[in-house]
Amino acid sequence: MTELNNSLIHQSAAALSAKLIAREVSAVEVTQAHLDRIADVDGQVNAFLHVNAEEALAVASDVDAIRAAGGEAAAGLHDLAGVPIAVKDLIVTVGQPTTAGSKILEGWHSPYDATVIRKLRAAKMPILGKTNLDEFAMGSSTEHSAYGPTRNPWDLDRIPGGSGGGSAAAVAAFEAPLALGTDTGGSIRQPGAVTGTVGMKPTYGAVSRYGAIAMASSLDQIGPVSRTVLDSALLQEVVGGHDPYDSTSLSDPFDNLVTAARTGNVAGMKIGIIKELHGEGYQAGVENRFNESLELLREAGAEIVEVSCPNFQYALGAYYLIMPSEVSSNLAKFDGVRYGLRVLPKDGPMTIERVMGATRAAGFGDEVKRRIILGTYALSAGYYDAYYGSAQKVRTLIQRDFDAAFAQADVLISPTSPTTAFKLGEKLDDPLAMYLNDVATIPANMAGIPGLSLPGGLADEDGLPVGIQLLAPARQDARVYRVGSVLESLLEEKWGGPLLAQAPVLGSSSTIAGGSK
């Protein structure tokens, strides 16, 4: 890797934007540097399922030509024009396959772009490719992908979180400065925590879900993955806003997210520690970094208060009834008839039911089948009220807990994940142990509020990243960016630079932070 390429891949999106606008570097150079990085290390990481080199370079070349010509066209370019991005392979994209990490959609090409993709194209951000995920976003480790697991760039024997481990690993390994993910129960924030990146779940409805293959429609949310809080704010400003194609899209404008990230101040703010989301069951190193973050915020002028959300103890159980129920409904469309994989029964009559059964048996992995079965059972006659109905009542109680907590604090804070990244295969055969990784992130999805995870340091036991989660009331996304940028700055001042600068060697040939091959 050349010295220029090595320099470019370690720049934040905001820094790349400034260099591109000043024409200190070309969009083609920036895009090619990241494509070279993907070629160099992704054989070890497996963050990408598809690389979109030709189109990405064409978009970058177009940006360079417009800037070179000057005039109104150049002035009208978005600030992030020419800054490349990776996209979770759950978001439909014309010209690239969209597989959802499943054999049932292997090689499938969408006839239309998701709304967020249309916005990326309008901003002329080169799309580097599609990133790996747990099949249909069902998992916490990216081990349930039909195309092999993604590996954590900090330790290739460990998981990168899930379901969006591909997007987080791509950003952590400097294969992309930005990525898009989806978050149903923590699938942006938990990967962010274990890879030392920033992950943001916007308010439900703040970013259009049109074109995101649905897992659980009342919980899913598209959001940004980055290496800095400011970069996430910049990306959310690009892809956010009202969309008439999404019936759940919010129409009222939000406070400016980029301004909030650039002018953060916590003096006089009340920051609430959620009693139920730390302490017993959390790794000691995670607790230590969490307590250090609290002390930094206190020293910066924030008042730290403890709040209780007693119904959070039921959140995991309620989530794993509501989510599979919606999965059962949403995945019914994958029937082997309309599109995607079709498997014909080997013998007997050729009925639609038997084709559907053969197709789904061959095309879905074990975790998807597990959730479909659980959801179908929860929705069945005689059990609907006892299971699904009761879970929805718990959801209301969780929302009320948040309302009460936000009456006492401006933002809430907790560890993002109870532990650092565990080893590949360690929890693969224990679904309940796997589900517990999302215990701190699920409540935000149940209530539809924004949540941001940022790097909090390295755990004492294993030297792996710890995530700090910030939560705010619905529509107050700017508030989490404001507090997040302050905490990020305080932590980096303490460390002497970004957390990823402390990352170890990736494999045996190239370093993640500052090295070259």
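Taken together, the values in this text are just the output of simple stated rules run on the coordinates, not laboratory data. Being a predicted model, the structure only gives us computed values, none of them experimental. Here Cβ is always computed from backbone atoms with ideal geometry, including for glycine, and neighbour counts include all displayed protein chains.
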Semi-axes in Å, largest first, for segment 270-310 (Cα gyration tensor, √(5λ)) are 18, 15, 4
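Does segment 128-211 come out rounded, prolate or oblate, given a ≥ b ≥ c as the square roots of the eigenvalues of its C-alpha gyration tensor, rounded meaning a/c under 1.5 and, failing that, prolate meaning a/b above b/c? Don't skip to the end; give the middle numbers.
Working: a/c = 1.60, a/b = 1.35, b/c = 1.18.
Prolate is the answer for segment 128-211, as a/c is 1.5 or above and a/b outweighs b/c.
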Expressed in angstrom, Rg and Dmax over the Cα atoms of segment 1-151 are 16.1, 49
Placing one equal point scatterer on each C-alpha of segment 71-225 and summing with Debye, one gets log10 I(q)/I(0) at q = 0.14, 0.15, 0.17, 0.19 Å⁻¹ equal to -0.61, -0.70, -0.89, -1.11
hull vol. (C-alpha, convex hull) per residue for segment 260-352, Å³ -> 232 Å³
Treating only Lys and Arg (+1) and Asp and Glu (-1) as charged, each at its beta carbon, one finds that segment 170-240 has a dipole about its Cα centre, in Debye to the nearest 20, of 100 debye
In this structure, among Lys201/Lys427; Lys130/Lys333; Lys119/Lys423, pairs with alpha-carbon gaps over 27 Å are Lys119/Lys423
Given Cβ charges of +1 for Lys and Arg and -1 for Asp and Glu, the option among Met323, Gly268, Val198 whose Cα lies farthest towards the positive end of the dipole of segment 184-328 is Val198
Length-normalised contact order of the chain, Cα under 8 Å, at least 6 apart, in percent, tallies to 17 percent
Given 25 °C, 0.890 mPa s and a Kirkwood radius over Cα pairs, the Stokes-Einstein diffusion coefficient of segment 174-331 in µm²/s is 138 µm²/s
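Given +1 on the Cβ of Lys and Arg, -1 on the Cβ of Asp and Glu, and no further charges, what dipole in debye does the chain carry about its Cα centre, rounded to the nearest 20?
That gives a dipole near 960 debye.
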For the chain, the Cα-Cα pair-distance distribution in 20 Å bins from 0, as whole percents, is 25, 59, 16, 1
For the chain, the charge dipole (Cβ of Lys, Arg +1; Cβ of Asp, Glu -1; about the Cα centre) points to a positive end, and the Cα of Leu250, Val63, Leu294 closest to that extreme belongs to Leu250
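Run the helix sum for the chain: -39,500 (n - 2.57) per DSSP H stretch of 4+ residues, divided by residue count, reported at 222 nm to the nearest 500 deg cm²/dmol.
Computed mean residue ellipticity for the chain: -12000 deg cm²/dmol.
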